[in-house]
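The values are calculated or read from the model by the stated rules, or taken from the named source; none is laboratory data. Predicted, not measured: the structure shown is a model, and the values here were computed from it. A quick note on method: Cβ atoms are made from the backbone with ideal geometry, for glycine too, and the neighbour counts reach across all protein chains shown. Side chains included, ligands, DNA and RNA excluded: accessible areas come from the protein's heavy atoms. Shrake-Rupley method; radii C 1.70, N 1.55, O 1.52, S 1.80 Å.
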Amino acid sequence: MTATPAPDGAPDAAAVVAAAPVDAGGPVVTDAVRGAFDACLADADEDGARALALELLDRGSGAERVLLELVAPAQFSVGERWAANEWSVAQEHAATYVSEQVVAALAARTRARPATGAVGSVVVTCADGEWHALPARILAEVLRLRGFAVRFLGAHVPAAHLVSYLHQHGPDLVALSCMLPVRLPAAHRTVQAARLTGVPVLAGGAGFGPSGVWARTVGADLYATGAAEAADLLSARWPPPLSGHPALAHLADDEYTRLARSRGDLLRQLTEGLEARFPAMRHYDERQREATVEDLGHLLDFLTAAVFVDDARVLTAFLTATAGILAARDVPPAGLDLAVAGLREPLRDFPRCLGILDAAHRHLADAGHTHPAP
Ligand code: B12
């Protein structure tokens with residue numbers, strides 16, 4: 001089924017939603033509704049996207065359903081399209097802006113409803129350096145809809161500032177979002193900040209790894225995969241316990257600190273080493289060179305985060321994702337193996353790093369992305 005276009009070419013929100021079957025949670029978010037919403041994101045059609053979401057709400061869909069079954073999956077596929085080189089960064093940014101406006105519109109519409117009686121107070125925050133605020137915002141709205149008193153701090157909150165905020169407002173819980181594993185050291189600082197004020201931390205977001213394994217490593221008290229799971233968990237276990245203990249004894253070897261401190265030097269050595277081993281790089285134009293240096297910087301950051309939590313999977317997951325992104329842009333992923341190899345010499349005195357680089361090489365070899373020795 002396709003959406004009936006409105007006179008200006010945008011999907012007709014009322015028609016698309018009216019055609020959807022209704023269950024106990026209101027109109028179902030069908031493929032047709034999703035398709036119409038995706039079309040609005042693709043076209044940066046803020047009005048169309050908002051109209052669709054509010055139409056669902058007006059016809060009886062709960063705001064939680066609209067947020068979690070329409071907005072969040074659409075935003076997730078925005079990333080897939082960018083990764084597949086179907087969408088430019090600009091298109092992705094425009095789509096994200098539209099999603100943010102839709103979340104704001106849903107929040108504004110539902111905020112006027114009588115409060116259900118707050119069951120507890122939650123500060124929702126992102127780790128320092130984390131700019132993925134939309135998933136945390138969706139979590140904040142879902143918690144609010146479920147009756148929690150929520151303060152949303154947005155992206156990139158330095159731990160030191162959080163401490164004074166927590167002292168000032170005394171919430172029952174900090175909900176910490178981390179979408180990139182490279183922010184795990186910052187997430188750890190946030191957990192420490194909350195610990196200083198005696199407030200437990202609920203962690204969530206893809207940065208905490210499969211099943212939230214690194215949430216426990218950095219000492220979070222609770223973990224939930226998504227907003228609905230978080231709301232269910234908190235409703236069942238309130239007040240939340242203060243029970244997490246960071247499992248970071250391996251940091252005593254100082255590899256993480258030394259690695260983080262020498263990022264600039266390592267990036268320069270890695271870039272120069274690659275130029276020597278891969279002469280085609282010397283003919284890169286400025287844009288290609290910048291993109292390569294940026295990718296090498298990400299490689300170093302993911303290695304550093306892997307050393308922080310002592311888990312090679314931080315790096316291997318990054319390599320899998322990056323190999324797909326490079327292949328979609330006709331760049332041979334085998335270059336990643338060359339970069340991994342190029343780090344061995346500068347890091348020869350870092351045994352844990354070398355172990356993680358070995359695992360990375362084996363991972364690339366298993367995927368057929370190894371580079372013949374130059
Ligand atoms: C939009 C976006 C951005 C926007 C963010 C804008 C904003 N206001 O949020 C911008 C442009 C800033 C951005 C930047 C970057 N991004 Co980005 N981004 C995305 C994108 C497309 C969507 C993220 C999103 O909103 N997802 C939808 C959410 C709503 O779905 P969800 O995750 O299921 O949401 C649930 C959970 O996350 C959970 N949750 C989240 N937080 C919490 C907290 C708690 C306590 C709980 C319980 C649950 C919870 O609850 C949510 C609701 O149920 C993703 C792609 C993707 N597939 O996700 C990439 C993605 C996350 N980005 C990525 C990258 C690499 C980057 C950059 C490094 C790119 C660059 N080269 O600079 C930067 C890093 C910026 C930084 N320092 O943080 C990668 C991460 C890869 C990896 N291995 O980690 C992804 C996966 C894209 C990709 N395919 O490579 N990005």
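Between segment 277-352 and segment 213-233, how many Å separate their Cα centres? Rounded to whole Å, the Cα centres lie 30 Å apart. With a 1.4 Å probe and all protein chains left in place, how much accessible area per residue does the chain have, in Å²? Spelled out: the 1.4 Å probe surface of the chain, per residue, equals 46 Å². This model, with +1 at the C-beta of Lys and Arg and -1 at the C-beta of Asp and Glu, gives segment 66-183 a dipole about its Cα centre of some 460 debye. Which trypsin sites (Lys or Arg not before Pro) does segment 235-302 hold that lie in a coil by DSSP with at most 12 other beta carbons within 10 Å? Sparse-neighbourhood loop trypsin sites (Lys or Arg not before Pro): R237.
Among the chymotrypsin sites (Phe, Trp or Tyr not before Pro) in segment 54-159, those located in a DSSP loop and surrounded by at most 12 other Cβ atoms within 10 Å of their own Cβ are W131. For W238 and I325, the FRET efficiency from 1/(1 + (r/R0)^6), where r spans their Cβ atoms and R0 equals 35 Å, is about 0.25. Relative contact order of segment 121-236: 27 percent, from C-alpha pairs under 8 Å at least 6 residues apart in sequence. Backbone phi angles across segment 227-238, fed through the Karplus curve with coefficients 6.51, -1.76 and 1.60 (θ = phi - 60°), yield HN-Hα couplings of 5, 5, 4, 5, 5, 4, 4, 5, 5, 7, 10, 10 Hz in residue order; Gly and Pro are listed as x. Relative contact order of the chain, taken over Cα pairs closer than 8 Å and 6 or more residues apart, is 10 percent. Leaving out ligands, DNA and RNA, and with a 1.4 Å probe, what % of the accessible surface on segment 13-111 is carbon or sulfur? Percent of accessible area from carbon and sulfur atoms in segment 13-111: 53. Put a dot 7 Å past the Cα of E80, heading toward its Cβ, do the same for S262, and the two dots end up 4.2 nm apart.
Taking amide H as placed 1.01 Å from N in the peptide plane, R151 has its amide H under 5 Å from the amide H of V122, V123, V124, each at least 5 places away in sequence or on another chain. Taken about its Cα centre, the chain carries a charge dipole of roughly 1060 debye when the Cβ of each Lys and Arg holds +1 and the Cβ of each Asp and Glu holds -1.
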